[in-house]
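The values are calculated or read from the model by the stated rules, or taken from the named source; none is laboratory data. Since the model is a prediction, treat every value here as computed from it, not as a measurement. Positions of Cβ are generated from backbone atoms using ideal geometry, with glycine treated the same way; all protein chains shown enter the neighbour counts. For accessibility, only protein heavy atoms count, side chains too; no ligands or nucleic acids. Shrake-Rupley method; radii C 1.70, N 1.55, O 1.52, S 1.80 Å.
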Amino acid sequence: MTMIVQQETARTGAIALERRVVSTKLGPAAVRIQHAAGSGNPPTAAAEVYLHGAAGTWTTFSTLLSTEADADRVLIDLPGWGESTTGARLEDFSVETIGRAVVEVLDSLGYRQWNLVGHSMGGFLALHIAATWPERTASVAAVSATTFAVSAAARGPLRSLSGFPGFVGMLLAMRSMAALGASGSALIRAIGATPLMGLLLSPLFADPSAVPGHVVRRLARDARPASFDAAVRATAHYDFGRWRAIRCPVLATRGDRDVFTPPSDLSRLAALVPHVRLVTIPRCGHFANIEQPEQVLRLLDELRVPSGRRRP
């Protein structure tokens, strides 16, 4: 049974975020909530739920936040990442258990329905939740979801190396760092303070020179090699046929220079999911929320119309 074990309110810039820590079967999950004006207790409107990737935290989505929210925004550090690292049970990781942990968090907070926004691994997770809890999922935005190609790489990294070098290279590097334990994470953070990290991360962006240094340092700080490896392994034998049960509208995007989400991933998704819109974002790599946040916000508004309000 889940319970809220900590609660506090802080401000990120001009945005007030309530912080809670919720226990789940995979370990504690730190959560930030931006409450909409007039939101009830318990909440009655569908929440906007943000799910980060295997190399991120809730801060992945900071560029998408605004001072006013039409619905409560829930940003989760998944067990194993960010402020949810301590006590995470990586040995129990699977797509199913991580999905259940998200729903445990949302149930504890009183949300009965949700609009899911997932980046990278978070997009994979959002699609799984939509298929497993279709009556509770109002929409899914999968931003550069890492799905079919990553699953194949998890089953055979060396077989995938020639066709998927960017991801396989990162996977092998993360596994090497994970083998070093805490020293591996410390090494990544140390490199993150040097220009070398910008060079190592450059394949993830369409214009690496335009990415602020603090973003590069944050990505290095957020790296959790063992969690990354466990998450990738969890995708290896996933049954993608389950996604035929998705009923809600789905937005699936990739950057036109995205090395982690190939065009074939979107094509295969469209063959499974009946109500999907595919968008390739120009001048963009794997992190559209960093390189093209205004475009992502417009697409999210369009996905939620008529229930949402379109930005001018």
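If you take the residues of the range 33-56 that are open to solvent by less than 30 Å² (accessible area, probe 1.4 Å) and not hydrophobic (A, V, I, L, M, F, W, C), which of them is farthest from Leu201 (Cα to Cα)?
Filtering first and then ranking leaves Pro43.
One line per residue, one yes/no per condition, for (1) among the hydroxyl-bearing types (Ser, Thr, Tyr); (2) open to solvent by less than 40 Å² (accessible area, probe 1.4 Å); (3) part of a helix (DSSP H, G or I):
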position	(1), (2), (3)
Ser185	yes, yes, yes
Met197	no, yes, yes
Ser202	yes, yes, yes
Ala206	no, yes, no
Arg217	no, no, yes
Ala220	no, yes, yes
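Among the residues that make up the range 55-64, is at least one of them farther than 26 Å from Glu291 by Cβ and not hydrophobic (A, V, I, L, M, F, W, C)?
Here is the first cut: in the range 55-64, the residues farther than 26 Å from Glu291 by Cβ are none.
No, the range 55-64 has no match at all.
Looking at (1) closer than 23 Å to Ala154 by Cβ; (2) among the hydrophobic types (A, V, I, L, M, F, W, C); (3) out of contact with any strand residue (DSSP E or B) (no Cβ under 8 Å at 6 or more places or on another chain), which one does Ile191 not meet, given that it meets all the others?
With respect to (1) closer than 23 Å to Ala154 by Cβ; (2) among the hydrophobic types (A, V, I, L, M, F, W, C); (3) out of contact with any strand residue (DSSP E or B) (no Cβ under 8 Å at 6 or more places or on another chain), Ile191 is out only on (1).
State all residues of the range 260-304 that are assigned to a loop (DSSP other than H, G, I, E, B), open to solvent by less than 30 Å² (accessible area, probe 1.4 Å) and within 18 Å of Trp243 (Cα to Cα); if no residue qualifies, say none.
Passing the criteria: Thr261, Val273.
So for the range 169-178 (the condition being among the basic types (Lys, Arg) and either surrounded by fewer than 17 Cβ atoms within 10 Å (Cβ to Cβ) or not in a helix (DSSP H, G or I) (or both)), does at least one residue qualify? I'd like the intermediate steps shown before the answer.
Here is the first cut: in the range 169-178, the residues among the basic types (Lys, Arg) are 175.
This time we only want the ones that are either surrounded by fewer than 17 Cβ atoms within 10 Å (Cβ to Cβ) or not in a helix (DSSP H, G or I) (or both), so: none.
Checking the range 169-178: not a single residue is among the basic types (Lys, Arg) and either surrounded by fewer than 17 Cβ atoms within 10 Å (Cβ to Cβ) or not in a helix (DSSP H, G or I) (or both).
With the structure loaded, tell me whether Arg257 is surrounded by fewer than 22 Cβ atoms within 10 Å (Cβ to Cβ), assigned to a loop (DSSP other than H, G, I, E, B) and free of Cβ contacts under 8 Å to residues at least 60 places away in the same chain or whether it fails that test. Don't jump to the end; show me each part of the working.
Working: surrounded by fewer than 22 Cβ atoms within 10 Å (Cβ to Cβ): yes; assigned to a loop (DSSP other than H, G, I, E, B): yes; free of Cβ contacts under 8 Å to residues at least 60 places away in the same chain: yes.
Here the answer is yes, as Arg257 does meet what is asked.
Regarding Arg100, is this residue more than 15 Å from Ala29 (Cβ to Cβ) and open to solvent by 10 Å² or more (accessible area, probe 1.4 Å)?
Working: more than 15 Å from Ala29 (Cβ to Cβ): no; open to solvent by 10 Å² or more (accessible area, probe 1.4 Å): yes.
So Arg100 does not fit the description; no.
Among the residues of the range 51-86 satisfying the criterion of being closer than 13 Å to Ile15 by Cα and in a loop (DSSP other than H, G, I, E, B), which is nearest to the chain's Cα centre (by Cα)?
In this case the residue turns out to be Leu65.
Whether any residue in the range 222-241 is among the small types (Gly, Ala, Ser) and more than 21 Å from Ser151 (Cβ to Cβ) is what I want to check.
In the first step, residues of the range 222-241 are kept if they are among the small types (Gly, Ala, Ser); the result is 223, 226-227, 230-231, 234, 236, 241.
If we keep only those that are more than 21 Å from Ser151 (Cβ to Cβ) as well, we get 223.
For the range 222-241, residues among the small types (Gly, Ala, Ser) and more than 21 Å from Ser151 (Cβ to Cβ): present.
Quick one: how many residues across the range 2-38 are at pLDDT below 85, assigned to a loop (DSSP other than H, G, I, E, B) and more than 17 Å from Asp107 (Cβ to Cβ)?
Step one: filter the range 2-38 for residues at pLDDT below 85, giving 2-15, 37-38.
Next, only the ones that are assigned to a loop (DSSP other than H, G, I, E, B) stay: 2-3, 13-14, 37-38.
If we keep only those that are more than 17 Å from Asp107 (Cβ to Cβ) too, we end up with 13-14, 37-38.
Going through the range 2-38 one residue at a time, the tally reaches 4.
I need the full set of residues from the range 57-75 which are out of contact with any Lys or Arg (no Cβ under 8 Å at 6 or more places or on another chain), β-branched (Val, Ile, Thr) and crowded, with 17+ Cβ neighbours inside 10 Å, in order please.
Across the range 57-75, the qualifying residues are Thr57, Thr60, Thr63.
So if I check each of Ser160, Ser151, which one is farther than 14 Å from Ala231 by Cα and either surrounded by fewer than 20 Cβ atoms within 10 Å (Cβ to Cβ) or more than 12 Å from the chain's Cα centre (by Cα) (or both)?
On the way: Ser151 fails: farther than 14 Å from Ala231 by Cα.
Among Ser160, Ser151, only Ser160 is farther than 14 Å from Ala231 by Cα and either surrounded by fewer than 20 Cβ atoms within 10 Å (Cβ to Cβ) or more than 12 Å from the chain's Cα centre (by Cα) (or both).
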